[in-house]
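The values are calculated or read from the model by the stated rules, or taken from the named source; none is laboratory data. Being a predicted model, the structure only gives us computed values, none of them experimental. With ideal geometry, Cβ positions are generated from the backbone for all residues, glycine too; neighbour counts draw on all protein chains shown.
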Amino acid sequence: MLSGSIIFAAAFAYLLLLFAVASYGDRKARKTAAAGKGRPLVYALSLAIYCTSWTYFGGVGLAAERGLEFTGIYIGPILMFTIGLPVIRRIISLAKAEKLTSVADFVAARYGKNPAVAAIVALISLVGAIPYIALQLKAVSSSVSAMVDTSGYGIGAGQNYIDLPLLVTLFLACFAIVFGTRHTDATEHQDGLILAIAMESVVKLLALVTVGLYVVFFLFDGPADLWAKALANEQVMTALQYQTPMSRWILLVVLSAFAIIMLPRQFHVTVVENRTEKDLRTAGILFPVYLVAINLFVLPVAIGGVLTFAGSGEADLYLLRLPLAADMPILTLITFIGGFSAATAMVIVASVALSIMISNDIVMPIFLRRNLMGRGGFNDVAGTLLNVRRTAIFAVLLLGYGYYRSADMSAGLASLGLLSFAAISQMAPALFGGLVWRQANARGAIAGMTLGFFVWAYLLFLPSLGGPDNSHVATAVLSFLFPFTGAFSESATDPLVNATALSLLANIIAYVVGSLTRAPKPLERVQAGVFIRRKSRTEKAFRGRKTKITVLDLKTTIARYLGEERMERSFQTYERQSGRWLENQQPADMGLIHFSEQLLGSAIGSSSARLVLQTTRRLIQLGCSTKHPRRCNTIRTCCRRRCPRWIRASPSSTVPTT
């Protein structure tokens, strides 16, 4: 056992190092406007946030029980960043063109910037991330318990009670707030945060490789000796000869391929933080290599753990227990820091990405409707937006901590991770279907995701909270629908496969039926053309059509959300790119409004941005005055009969801008 004070001091020192690296990254970014030469490398390493405690500890635990099955969750990402790279490139180009800031924003923009679609995606992402965050907290807690005499630390310890998972949760929340919520514009690159995440990717890789080399060449006399002893051990051979059903292989590959782009943290680092085509090209080579490298010693460590401990104890902790049993405190500490790094990286970026979705797609629509309907003043909301995101970060991490304390955490880390993957996959039909099917509309997307999510929650999520096991329902339904295949019988596969297959089947059917029962609305047809065509012609089609809203109206509106400096910089960029000078009092054409909507969407989401600009145009058409916003109680009572009188009473009043 190691001293508890040493472990806590090492963890705290590592978190302080993260602060130092992130601060350095921010300072360097402020000095150099353009991306540095090392940016593609940093970007590629940041994608390795996919490798969490599930990879670091859970992969070894799964390999000790089921041999090579752990490789399934890496085959999918490797395929996506090789064969599927054009799909990722397409998603990135669309997100940049439309200034989309999250996976919820992306899906909603495809379906006419529908706020209900955005809210459902945000809710699925939030609920799906909770078990994954709890997974990281469990890994940290279990690793500390394995190294430290926890009789004086933890629940029921009396006056020496220290709840390490809670302390880690609060500290990571502070870190995410400091380095993840500095701008209202979510498309602004978080250079310091991404540099810290890239450093963590290097730390966990070096730590795992170090332990792997120790196990193979010091604990055993090389690969030949390890393999010879493995062949002589019945328990090792049972694990190596485990026959994973083909249905589970397919499930692991498909879910991991979805997760590498649709997990909130992965969409953030892959799409939002991408700057150039060179970033993606570098990632297409380096990221698959990284995935192979970090899993190179997983199987040898698992074999070494089974041979050393005779299969006793928690297999997820073999990576940590091997150097601990050999009385190598330095190597044990390095191993712990590697696992701690894998956990903290995921929690930080996931909380930042989820806070953007919660603020833009759940909280801000309610806030905006209350203010735009006259129940509050038209004040600067930039500060409010940042406060909402900061509060959301705390809420997300505390929900993960609450799940960790209340749910059944006896399952392995891999099982908890697959629970989250199955939830995130409910967005796949709407996202990928929207890239190829023009007829798809918001009704189908809402129906599909809602039904699929409820099936997932009933069959998988509620049982994890201690509810009854309903997996037999999925088996019965699928066996009835496919009676001749035998693929979904009780003996042919496991409950996870059946439950996930049923949820996705229900999702796809509802998505198709819902889309076919209604013709796409005009805006849905426009957005379908943007997402399916290679190049958007939306702005060219709109340019030249004048509106009653002025350039000043748009500038004032956007400044309330992005700040004056950011607004001016964006409009100056638009002037240079369009080759025309904008006068404040001239009427804005639809091309400028389209640009303004995208710019505003970078701060509050595409659906909320559309709500703001639609309301602005409607109020201007009615002739309302913002000098007396409380006199117009709601848009419904604001009419031509009242407003002109108020305007005459206040000649200096300006037209409303929100």
Of the conditions (1) aliphatic (A, V, I, L, M); (2) crowded, with 24+ Cβ neighbours inside 10 Å; (3) at pLDDT 90 or above, Leu126 satisfies every one except a single condition; which number is it? (2)
Which numbered condition Arg66 misses (of (1) touching a Phe, Trp or Tyr at 6+ places or on another chain (Cβ under 7 Å); (2) farther than 29 Å from Tyr404 by Cα): (2)
What's the number of the condition Thr485 fails, among (1) at pLDDT below 80; (2) of a type in the set (Ser, Thr, Tyr); (3) outside any loop (DSSP other than H, G, I, E, B)? (3)
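When residues of segment 556-574 are filtered for being crowded, with 17+ Cβ neighbours inside 10 Å and either under 31 Å from the mean Cα position of the chain (by Cα) or at pLDDT below 80 (or both), how many remain? Write out each step before concluding.
Going residue by residue through segment 556-574, those that are crowded, with 17+ Cβ neighbours inside 10 Å are 556-563, 566-567, 570-571.
Adding the requirement that they be either under 31 Å from the mean Cα position of the chain (by Cα) or at pLDDT below 80 (or both) leaves 557-563, 566-567, 570-571.
The qualifying residues number 11.
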Check Ile348 against each of (1) in contact with a Leu (Cβ under 7 Å, 6 or more places away or on another chain); (2) free of Cβ contacts under 8 Å to residues at least 24 places away in the same chain and name the one condition it does not meet. (2)
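Under the condition of being in contact with a Gly (Cβ under 8 Å, 6 or more places away or on another chain) and aliphatic (A, V, I, L, M), which residue from segment 270-298 is surrounded by the most Cβ atoms within 10 Å (Cβ to Cβ)?
Just the residues of segment 270-298 that are in contact with a Gly (Cβ under 8 Å, 6 or more places away or on another chain), to begin with: 295-298.
Applying the additional criterion that residues be aliphatic (A, V, I, L, M) yields 296, 298.
On the way: Leu296: 13, Val298: 25.
Among those that are in contact with a Gly (Cβ under 8 Å, 6 or more places away or on another chain) and aliphatic (A, V, I, L, M), it is Val298.
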Under 9 Å between Cβ atoms, at least 6 apart or on separate chains: pull out the pairs that start in segment 571-585 with a residue that is assigned to a loop (DSSP other than H, G, I, E, B) and end on any residue that is among the basic types (Lys, Arg). Leu582/Lys555; Asn584/Lys555
Across segment 575-585, the tally of residues that are at pLDDT 80 or above and in contact with a helix residue (DSSP H, G or I) (Cβ under 7 Å, 6 or more places away or on another chain) stands at 2
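Is it true that some residue in segment 223-232 is in a loop (DSSP other than H, G, I, E, B) and touching a Leu at 6+ places or on another chain (Cβ under 9 Å)? First the steps, then the outcome.
Taking segment 223-232 and keeping what is in a loop (DSSP other than H, G, I, E, B), we get 232.
Going one step further and asking which of them are touching a Leu at 6+ places or on another chain (Cβ under 9 Å), we end up with none.
Among the residues of segment 223-232, not one is in a loop (DSSP other than H, G, I, E, B) and touching a Leu at 6+ places or on another chain (Cβ under 9 Å), which makes the answer no.
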Is there any pair linking a residue in segment 416-433 that is over 23 Å from Gly112 (Cβ atoms) to one that is hydroxyl-bearing (Ser, Thr, Tyr), with Cβ under 6 Å and at least six apart or on different chains, and which? Ser420/Tyr132; Ala422/Thr500
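Look at Ile334 and say whether it is surrounded by fewer than 24 Cβ atoms within 10 Å (Cβ to Cβ) and β-branched (Val, Ile, Thr).
Values: surrounded by fewer than 24 Cβ atoms within 10 Å (Cβ to Cβ): yes; β-branched (Val, Ile, Thr): yes.
Considered against the rule, which asks whether it is surrounded by fewer than 24 Cβ atoms within 10 Å (Cβ to Cβ) and β-branched (Val, Ile, Thr), Ile334 comes out as yes.
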β-branched (Val, Ile, Thr), in the same structural domain as Ser256 (by TED's automatic domain parsing) and either modelled with pLDDT under 90 or within 27 Å of Ala95 (Cβ to Cβ) (or both) - does that describe any residue in segment 447-457? yes
Matching residues in segment 305-322 - criterion: being within 19 Å of Lys229 (Cα to Cα) and either more than 32 Å from the chain's Cα centre (by Cα) or surrounded by fewer than 18 Cβ atoms within 10 Å (Cβ to Cβ) (or both): Gly305, Val306, Leu307, Thr308, Phe309, Ala310, Gly311, Ser312, Leu322
Taking the condition buried (at least 24 other Cβ atoms within 10 Å of the Cβ), assigned by TED's automatic domain parsing to the domain that holds Tyr132, out of contact with any strand residue (DSSP E or B) (no Cβ under 8 Å at 6 or more places or on another chain) and not in a loop (DSSP other than H, G, I, E, B), does Ala302 pass? yes
Reported set for segment 62-91 where residues are within 20 Å of the chain's Cα centre (by Cα), aliphatic (A, V, I, L, M) and crowded, with 19+ Cβ neighbours inside 10 Å is Ile73, Ile78, Met80, Ile88, Ile91
How many residues are of a type in the set (Asp, Glu) and either within 16 Å of Leu296 (Cβ to Cβ) or not assigned by TED's automatic domain parsing to the domain that holds Ala48 (or both) if we restrict to segment 200-236? 0
Quick check on my filter: what residues within segment 308-330 are assigned to a loop (DSSP other than H, G, I, E, B) and either over 16 Å from Gln235 (Cβ atoms) or of a type in the set (A, V, I, L, M) (or both)? Ala310, Ala326, Asp327, Met328
